[in-house]
1. Considering the options A:15, A:170, A:360, tell which one lies farthest towards the positive end of the dipole of the protein assembly as shown, charges being +1 on Lys and Arg and -1 on Asp and Glu at the Cβ, about the Cα centre.
2. Could you work out how far apart the two model spin labels at residue A:589 and residue B:111 are, taking each label as a point 7 Å from the Cα in the direction of the beta carbon, and quote it in nm?
3. Modelling each spin label as a point 7 Å along the Cα-to-Cβ direction, I'd like the residue A:277/residue A:18 distance in nm, to one decimal.
4. Report the relative contact order of segment A:113-202, percent, no decimals, based on alpha-carbon pairs under 8 angstrom and at least 6 residues apart.
5. Against the longest principal axis of chain A, how steep is helix A:243-258, in degrees 0 to 90 to the nearest 10, with axes from Cα atoms?
6. Per DSSP H run of n ≥ 4, the term is -39500 (n - 2.57); total these for chain B, divide by its residue number, and report the mean residue ellipticity at 222 nm rounded to 500 deg cm²/dmol.
7. With unit charges on the beta carbon (Lys/Arg positive, Asp/Glu negative), name the residue among A:124, A:516, A:343 whose Cα is farthest towards the positive pole of the charge dipole of the protein assembly as shown.
8. With unit charges on the beta carbons (Lys and Arg positive, Asp and Glu negative) and the dipole taken about the Cα centre of the protein assembly as shown, which residue among A:582, A:319, A:401 sits farthest to the positive side?
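The values are calculated or read from the model by the stated rules, or taken from the named source; none is laboratory data. The structure displayed is predicted, hence computed values, not measured ones. Cβ placement follows ideal geometry from the backbone for every residue including glycine, while neighbour counts extend to all protein chains displayed. For the accessible areas, the whole protein counts, side chains as well, though only heavy atoms, and no ligand, DNA or RNA atoms are used. Shrake-Rupley method; radii C 1.70, N 1.55, O 1.52, S 1.80 Å.
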Amino acid sequence: MQIYRSHVLVCGGTGCTSSNSGKIIEEFEVQLKNNKLENEVKVIKTGCFGLCAQGPIVVVYPEGSMYTMVKPEDVKEIVEEHLLKGRIVRRLLLSDIQTEEDTSAKSLEKVDFFKRQLRIALRNCGIINPEDINEYIAYDGYKALAKVLTEMEPEEVIDTIKKSGLRGRGGGGFPTGLKWEFAAKSQDDIKYVCCNADEGDPGAFMDRSILEGDPHSVIEAMIIAGYAIGANQGFIYVRAEYPIAVKRLDIAIKQAREYGLLGEDIFGTGFSFDIELRLGAGAFVCGEETALMTSIEGKRGEPRPRPPFPAVKGLWQKPTLLNNVETYANIPVIILKGPEWFASIGTEKSKGTKVFAVGGKINNTGLVEIPMGTTLREVIYDIGGGIPNGKKFKAAQTGGPSGGCIPASHIDTPIEYDTLVQLGSMMGSGGLIVMDEDTCMVDIAKFFLEFTVDESCGKCPPCRIGTKRMLEILERITGGKGEEGDIEKLEILAKNIKASALCGLGQTAPNPVLSTLRYFRDEYEAHVRDKKCPAGVCKSMMHYVINAELCKSCGICARNCPVKCISGQRGVPYVIDQDKCIKCGTCMEKCPFKAIFKNV
Amino acid sequence: MKSITELEAIRKKALEQMSVRNQDVRMRVVVGMATCGIAAGARPVMNAFLEELKRRNINDVKVTMTGCIGACRLEPIVEVVDEKGEKVTYVKMTAEKAARVVAEHIVNGRVCLDYTIGAEEKNK
Ligand SMILES: Cc1cc2nc3c(=O)[nH]c(=O)nc-3n(C[C@H](O)[C@H](O)[C@H](O)COP(=O)(O)O)c2cc1C
Ligand code: SF4
Ligand code: SF4
Ligand code: SF4
Ligand code: FES
Ligand code: FES
């Protein structure tokens, strides 16, 4: 085996891969050969670093210099300057560290984005090569499994998880240790361990990133769970739209089998466990636990009433433990560092950390892992780098289609399961969409409801018909045709659907509407009563106008208008024919004299 | 996998290969690798450091490179930087000298005064 003097880590996460990191790896190989460095420098493909907006990311060790937005053309310079001569290519460093004096800086830790985070579930993402089991083992991988199998009784394992205070990261926040205990107590000779890697929330990609960046942590945790509850077979249900995650899981399972970490008689203890992958077709409802299991059984993924809960009757009517990807990723660390350590992080009722996929109107979109209890302000301003273009923060949407909005007035609320629920939102799986003053809250509610209507499985009428009715009302309101009484109708429908839908999808579908009504009722009212969209988003209610005094009649707007609805002549201000205008906004963008305004 | 010892052996070996990514650094060896440094033989010097450290199983000392220090006539130049940032600059290095620096300075904490820039200046 060979020791390399330098390791070049290139992000192979979905974000960076789609911005061409594969090409960067190829280019490194070419350039290293050209400079005869191929035996000195090793190129490694990793999982997501979390800073996807700045991708593709390249980190060069031993300096730990993080290069961002790297293009294949930049590789030659990195090789010739940094790897050959030891000169950091400053122009490619993250802007907030470009001016640092110390060129051999441990740049990663210096970046604000990472400084405030505590990475437990993401501990190996962007650090190891996910396709090499040895790298996982190097960072204490499978050590927790060894400890559990050789030193602990199943009850002790469950006790450890209970003491840690870990709660499910897939949405509901149910205490994980308790769930394990229920599954362990169910008497049956066959039991199953399941991993929910369906991740259907729009805007969420933390589970995908864990699977892509550190698949073994989930596998190790599932074997531990199998031992704890007395199961010998596991299933990972992952959506087929995640091809990189599927591929890495596949490789990881094969490597674990080769090493005898999956299969018969693990560590010579007589315990056997194996895992199979099941691909989902990407229906949101298949993330719901009973639908997910029906889908694994090969049937159409429709929910069924609970109880019986999966811990009693799950897959093929056998006791089944189902946890989320991120929930599992925490397990090995809890075993190795102890439940007290884990419970010391976070808040009274929400222990540990939570990974959020931060997106929307924020500078550093990407993945962040923060201790529970961190405030929204810290996430948005300290880690996320604030709102672009000096705009004002308006609200953050959490919990996806099952959640709601947290308005700016609550920006200092600590983020944890219970505070979010009190605010009418929820943790959900960790999507966090930041909205600025230009966002219309009615439009946002409509967006999530459109999603629910599309994804409803149709099995029960409240969800199938009720959400459709709600959507129709929202469409009317945003279309400028809202009627008195619409808001009240929305509220009644919402209450009824929540109370009568069969599964969690329908039961939570009205949440985005209810929470925006709670904090932004005036916006709904402005739409209905004044036929105005205060944020200037709903097209039916706004128009573009040319200010006659500012217009220099240059004609640029008219030439750029796609429907040719602007007319005028030299010396006379131009005018827009409102009936023909499709409100594309091009004219406003192009006018060199800022003479065109959006009128709401 | 039949035993924990087996797992531990894999862990050790993999960790050794990944040691370059370890950021717990006790000391840094910085080799001048600009054009004149390379021309004067900095590359074998750097390799000698790497090999010597590996041979002795020292994982918390990193070998990195730097550009032109501005004293080309003294190349190959190597700086050994300790935790506190104290620097010792060795000049006109060779692979043999590198081995001695590892043994004396890095392992035993005794600076090899006769290779330092000060000694060289005095000899003039
Ligand atoms: C409509 C719907 C969709 C869901 N989608 C997911 C999902 O994509 N991933 C997930 O882990 N849990 C999802 N859940 C929650 C799961 O049903 C289940 O509670 C969770 O996977 C349990 O794991 P945990 O206790 O580790 O969170 C969904 C629930 C509902 C009602
Ligand atoms: S609530 Fe909606 S998704 Fe759930 S079972 Fe009923 S129709 Fe299907
Ligand atoms: S581009 Fe602006 S200044 Fe020129 S004609 Fe249009 S509105 Fe007037
Ligand atoms: S908004 Fe678009 S369609 Fe309307 S006038 Fe301007 S360019 Fe033409
Ligand atoms: S995919 Fe590369 S940083 Fe997220
Ligand atoms: S290149 Fe080494 S001192 Fe100038």
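1. A:360
2. My value for the distance between the label points is 6.2 nm.
3. Distance between label points: 1.9 nm.
4. On the way: 36 pairs, mean separation 12.0, N = 90.
Relative contact order here is 13 percent.
5. Helix A:243-258 sits roughly 0 degrees off the main axis of chain A.
6. Working: 5 runs with 48 residues, N = 124.
Value at 222 nm, helices only, nearest 500: -11000 deg cm²/dmol.
7. The Cα lying farthest towards the positive end belongs to A:516.
8. Projecting each Cα onto the dipole axis, the largest value belongs to A:582.
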